[in-house]
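Structure first, commentary second.
The values are calculated or read from the model by the stated rules, or taken from the named source; none is laboratory data. Keep in mind it's a predicted model, so treat the numbers as computed, not measured. All Cβ positions, glycine included, derive from the backbone under ideal geometry; neighbour counts span all protein chains shown.
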């Protein structure tokens, strides 16, 4: 009874988190794969083929290569955000200060490498 009452007090998002935490790793992986398949179903055949080729390339990478690739993808995302901010008139120092913590080491490394070149 208390469990049911507690669940009623939770928001839908909180309930979804709790349900996900109760899943086994296999169930979570199956859910991720189902969402991936749903997303692929919305793509054109050319887009689907490109996405599957990208996934196959990543799968074929060694662990260090995959880490480097994913770090590069994060850097590219940060660069896109910085470009958008610059177009809005935001200063570079402010933009760099706003980088999310998981991406900060990659950005710091890149800034250091750029400084070496100049």
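Being touching a helix residue (DSSP H, G or I) at 6+ places or on another chain (Cβ under 7 Å), over 27 Å from residue 21 (Cβ atoms) and in a helix (DSSP H, G or I) is the filter here, so list the residues in the stretch 31-48 that pass it.
The one that is touching a helix residue (DSSP H, G or I) at 6+ places or on another chain (Cβ under 7 Å), over 27 Å from residue 21 (Cβ atoms) and in a helix (DSSP H, G or I): 48.
Among the candidates 51, 59, single out the residue that is out of contact with any strand residue (DSSP E or B) (no Cβ under 7 Å at 6 or more places or on another chain), surrounded by 10 or more Cβ atoms within 10 Å (Cβ to Cβ) and in a helix (DSSP H, G or I).
51
With the requirement that a residue be surrounded by 10 or more Cβ atoms within 10 Å (Cβ to Cβ) and over 15 Å from residue 55 (Cβ atoms), what does the stretch 22-33 give you?
Residues satisfying the conditions are 23, 27, 28, 30, 31.
Any residue that is assigned by TED's automatic domain parsing to the domain that holds residue 114, surrounded by 10 or more Cβ atoms within 10 Å (Cβ to Cβ), in contact with a helix residue (DSSP H, G or I) (Cβ under 9 Å, 6 or more places away or on another chain) and part of a helix (DSSP H, G or I) - is there at least one of those in the stretch 95-102?
Yes, there is a match, as at least one residue in the stretch 95-102 is assigned by TED's automatic domain parsing to the domain that holds residue 114, surrounded by 10 or more Cβ atoms within 10 Å (Cβ to Cβ), in contact with a helix residue (DSSP H, G or I) (Cβ under 9 Å, 6 or more places away or on another chain) and part of a helix (DSSP H, G or I).
Please enumerate the residues belonging to the stretch 17-30 that are assigned to a helix (DSSP H, G or I) and either over 19 Å from the mean Cα position of the chain (by Cα) or assigned by TED's automatic domain parsing to the domain that holds residue 100 (or both).
Matches in the stretch 17-30: 18, 19, 21, 22, 25, 26, 27.
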